[in-house]
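In what follows, a structure is listed as structure tokens, so that the remarks can point back to it.
The values are calculated or read from the model by the stated rules, or taken from the named source; none is laboratory data. Every value quoted in this text rests on a predicted model; they were computed, and no experiment measured them. FYI the Cβ positions are ideal-geometry reconstructions off the backbone, even for glycines, and counts take in every protein chain you see.
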Protein chains: 2
Amino acid sequence: MDKTALFNLSYGLYIIGAKDGGRDVGCVVNTVTQATSVPTTLIVCINKDNYTNACIKKTKEFSVSILSEETKQNTIGVFGFSSSKDKDKFAEVPTGHTPAGLPYVSEGVTSYLECKVIESVDNFTHTIFIAEVIEAENLSKEPPMTYAYYHRVLKGKTPPKASSYVAEEEETPATPSKYVCSVCGYVYPGSTEEFEQLFEDYVCPICNVPKSKFVLKA
Amino acid sequence: MDKTALFNLSYGLYIIGAKDGGRDVGCVVNTVTQATSVPTTLIVCINKDNYTNACIKKTKEFSVSILSEETKQNTIGVFGFSSSKDKDKFAEVPTGHTPAGLPYVSEGVTSYLECKVIESVDNFTHTIFIAEVIEAENLSKEPPMTYAYYHRVLKGKTPPKASSYVAEEEETPATPSKYVCSVCGYVYPGSTEEFEQLFEDYVCPICNVPKSKFVLKA
């Protein structure tokens with residue numbers, strides 16, 4: 001089985017917002033998919049280790065901010081590699097609130113959606129939330145950011161017309177300092193700075209161990 | 001609620017293959033999403049009216065062909081606007097079979113996946129299949145086709161850097177003959193030929209009635 005085949009699935013990039021009592025919490029995901037038109041439902045998969053997951057399970061509601069190509073890299077950084085348990089992420093980005101009071105990112109996005117959970121399906125490390133879309137508004141006409149665009153353009157690579165992960169493997173340069181998987185030896189092809197910016201739930205594409213198993217090698 | 005906000009979600013384009021006794025069946029979808037890495041699971045939503053849906057419910061297995069930008073428009077036409085109940089769709093395209101004997105499209109694709117259903121979740125008009133990926137192989141290095149690319153490029157429109165649906169609404173030209181929604185009056189902006197090539201499950205983006213409610217107007 002060649003797991004790199006899965007890198008050819010296409011995604012967007014989204015911030016999920018939720019309420020934790022009076023606090024705003026959120027995280028970044030790439031798995032928002034419309035499931036039906038009538039009624040308007042969607043699916044999102046969120047890691048169970050993610051604080052936002054626990055909040056959604058309690059409140060049964062969340063927002064989706066659909067990131068555009070104009071999203072500042074800092075926004076993804078804030079939501080992607082720290083926990084809402086410790087940090088008020090929405091305080092660091094332009095924020096709006098949906099009619100139900102759910103936080104959304106208000107700049108560098110195409111639209112926000114307000115969603116009410118219909119069903120939560122337990123699936124190994126993640127929860128699959130099935131939700132009805134209650135409100136939806138467009139905030140800009142900026143093009144939606146795809147996950148491939150994020151990997152290709154925001155990391156400053158020349159865009160080869162291939163999926164981002166595969167392209168990164170092909171382009172592995174012989175630079176002095178690299179993050180290496182301590183289990184299988186896979187060398188992360190980007191810079192050390194790029195590796196450090198990766199989502200908390202990044203896993204080795206070869207052997208699937210978590211980000212924490214990577215070590216810096218000269 | 002502005003439902004056009006949902007057009008900003010990003011997707012790929014995929015052929016789902018399944019077995020119906022000794023026959024190969026399949027359909028086109030845009031909702032394949034990886035759900036977890038360990039184990040490797042994915043989700044796909046398939047309309048209950050779709051013959052392939054019933055076959056997957058029986059056999060609990062399916063393939064995914066990840067379409068590339070080199071996919072022939074005919075392939076999407078064959079899988080998108082006829083039923084496997086009446087027609088041997090795979091006979092009309094280059095076909096391979098996975099180790100478990102599931103059919104996949106072997107040209108104009110990046111990869112195939114072989115999947116085993118773990119759980120089927122009923123969700124209004126669609127079934128959400130949660131499945132484990134058993135086999136995966138890359139077949140080309142062609143860039144994966146996104147749903148936006150399909151709408152933008154394969155319909156021969158100038159690519160504005162906006163999501164395809166919204167762009168189509170903006171570009172509505174005053175041409176002699178158009179398909180019009182008999183319920184809300186929405187004018188399908190593409191040519192009559194393009195409308196006829198749309199998926200069976202196309203719905204009016206304004207009022208959500210099925211394709212069959214559209215009428216040709218001079």
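Does region A:97-110 hold any residues that are closer than 15 Å to A:Phe79 by Cβ and not in a loop (DSSP other than H, G, I, E, B), and which are they? Walk me through how you get there before you give the answer.
Taking region A:97-110 and keeping what is closer than 15 Å to A:Phe79 by Cβ, we get A:102-109.
Residues satisfying the conditions are A:Pro103, A:Tyr104, A:Val105, A:Val109.
Does A:Gly108 fit the bill of being farther than 26 Å from B:Leu113 by Cα, more than 8 Å from chain B (Cβ to nearest Cβ) and at pLDDT below 95? No.
Search region B:160-184 for residues being at pLDDT 75 or above and farther than 26 Å from B:Asn74 by Cβ, and hand back the single one that is surrounded by the most Cβ atoms within 10 Å (Cβ to Cβ).
Applying the first criterion (at pLDDT 75 or above) to region B:160-184 yields B:177-182.
Checking the rest, the ones that are also farther than 26 Å from B:Asn74 by Cβ come to B:180-182.
Working: B:Val180: 17, B:Cys181: 20, B:Ser182: 14.
Among those residues, the one meeting the criterion is B:Cys181.
Being under 27 Å from A:Ile16 (Cα atoms) and at pLDDT below 85 is the requirement here; does A:Leu102 meet it? Considered against the rule, which asks whether it is under 27 Å from A:Ile16 (Cα atoms) and at pLDDT below 85, A:Leu102 comes out as no.
Only one of B:Gly22, B:Gly80 is surrounded by fewer than 22 Cβ atoms within 10 Å (Cβ to Cβ) and under 19 Å from B:Asp201 (Cβ atoms). Can you tell me which? Talk me through it step by step, then tell me what you get.
Numbers: B:Gly22 fails: under 19 Å from B:Asp201 (Cβ atoms).
Every option except B:Gly80 fails the conditions.
What about B:Thr75, is it among the polar types (S, T, N, Q), over 30 Å from A:Val117 (Cβ atoms) and assigned to a helix (DSSP H, G or I)? For B:Thr75, the condition - among the polar types (S, T, N, Q), over 30 Å from A:Val117 (Cβ atoms) and assigned to a helix (DSSP H, G or I) - is met.
Taking the criterion of being within 18 Å of A:Gly77 (Cα to Cα) and not hydrophobic (A, V, I, L, M, F, W, C), the residues of region A:195-209 that qualify are A:Glu196, A:Gln197, A:Glu200, A:Asp201, A:Tyr202.
Picking from A:Phe129, A:Phe81, A:Phe124, which residue would you name as being at positive phi and either of a type in the set (A, V, I, L, M, F, W, C) or within 10 Å of chain B (Cβ to nearest Cβ) (or both)? If you could, list the steps in order and put the result at the bottom.
On the way: A:Phe129 fails: at positive phi; A:Phe81 fails: at positive phi.
Going through A:Phe129, A:Phe81, A:Phe124 in turn, the sole match is A:Phe124.
Every test in (1) buried (at least 24 other Cβ atoms within 10 Å of the Cβ); (2) assigned to a strand (DSSP E or B); (3) at the interface with chain A (Cβ under 9 Å from one of its Cβ atoms); (4) out of contact with any His (no Cβ under 6 Å at 6 or more places or on another chain) is passed by B:Cys45 save one, and that test is (4).
A:Val29 - would you say it is within 14 Å of another protein chain (Cβ to nearest Cβ), without any contact (Cβ under 8 Å) to a residue 60 or more places away in the chain and surrounded by 23 or more Cβ atoms within 10 Å (Cβ to Cβ)? Show your work before the answer.
Numbers: within 14 Å of another protein chain (Cβ to nearest Cβ): yes; without any contact (Cβ under 8 Å) to a residue 60 or more places away in the chain: yes; surrounded by 23 or more Cβ atoms within 10 Å (Cβ to Cβ): yes.
Spelling it out, A:Val29 is indeed within 14 Å of another protein chain (Cβ to nearest Cβ), without any contact (Cβ under 8 Å) to a residue 60 or more places away in the chain and surrounded by 23 or more Cβ atoms within 10 Å (Cβ to Cβ).
Yes or no, residue by residue, for (1) more than 15 Å from B:Lys60 (Cα to Cα); (2) out of contact with any Ser or Thr (no Cβ under 9 Å at 6 or more places or on another chain):
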residue	(1), (2)
B:Gly77	yes, yes
B:Gly108	yes, no
B:Val117	no, no
B:Ile130	no, no
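Note on region B:199-218: among residues that are modelled with pLDDT of 80 or more and away from chain A (no Cβ under 14 Å), the one that is surrounded by the most Cβ atoms within 10 Å (Cβ to Cβ) is B:Phe214.
Mind telling me which of the residues A:Thr71, A:Thr36, A:Thr52 ends up being among the hydroxyl-bearing types (Ser, Thr, Tyr), out of contact with any helix residue (DSSP H, G or I) (no Cβ under 8 Å at 6 or more places or on another chain), crowded, with 22+ Cβ neighbours inside 10 Å and within 13 Å of chain B (Cβ to nearest Cβ)? Working first, answer last.
On the way: A:Thr36 fails: crowded, with 22+ Cβ neighbours inside 10 Å; A:Thr52 fails: within 13 Å of chain B (Cβ to nearest Cβ).
Result: A:Thr71 is the single residue among A:Thr71, A:Thr36, A:Thr52 that is among the hydroxyl-bearing types (Ser, Thr, Tyr), out of contact with any helix residue (DSSP H, G or I) (no Cβ under 8 Å at 6 or more places or on another chain), crowded, with 22+ Cβ neighbours inside 10 Å and within 13 Å of chain B (Cβ to nearest Cβ).
Rundown of residues vs (1) touching a Ser or Thr at 6+ places or on another chain (Cβ under 6 Å); (2) closer than 21 Å to A:Ile76 by Cβ, yes/no style:
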position: A:Gly21; (1), (2): no, no
position: A:Val25; (1), (2): yes, yes
position: A:Asn30; (1), (2): no, yes
position: A:Val38; (1), (2): no, no
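Taking the conditions (1) within 22 Å of A:Ile128 (Cα to Cα); (2) of a type in the set (D, E, K, R); (3) surrounded by fewer than 22 Cβ atoms within 10 Å (Cβ to Cβ) in turn, A:Glu92 satisfies each one other than (1).
Being part of a loop (DSSP other than H, G, I, E, B) and either touching a residue at least 24 places away in the same chain (Cβ under 8 Å) or out of contact with any strand residue (DSSP E or B) (no Cβ under 7 Å at 6 or more places or on another chain) (or both) is the filter here; which residues of region B:111-138 pass it?
Of the residues in region B:111-138, the ones part of a loop (DSSP other than H, G, I, E, B) are B:124-125.
Within region B:111-138, just B:Thr125 meets the criteria.
Listed by first and then second residue, the pairs with beta-carbon distance under 7 Å, at least 6 apart or on different chains, first residue in region A:1-16 and touching a residue at least 12 places away in the same chain (Cβ under 8 Å) and within 7 Å of another protein chain (Cβ to nearest Cβ), second aromatic (Phe, Trp, Tyr) and part of a loop (DSSP other than H, G, I, E, B), are A:Ser10/B:Tyr11.
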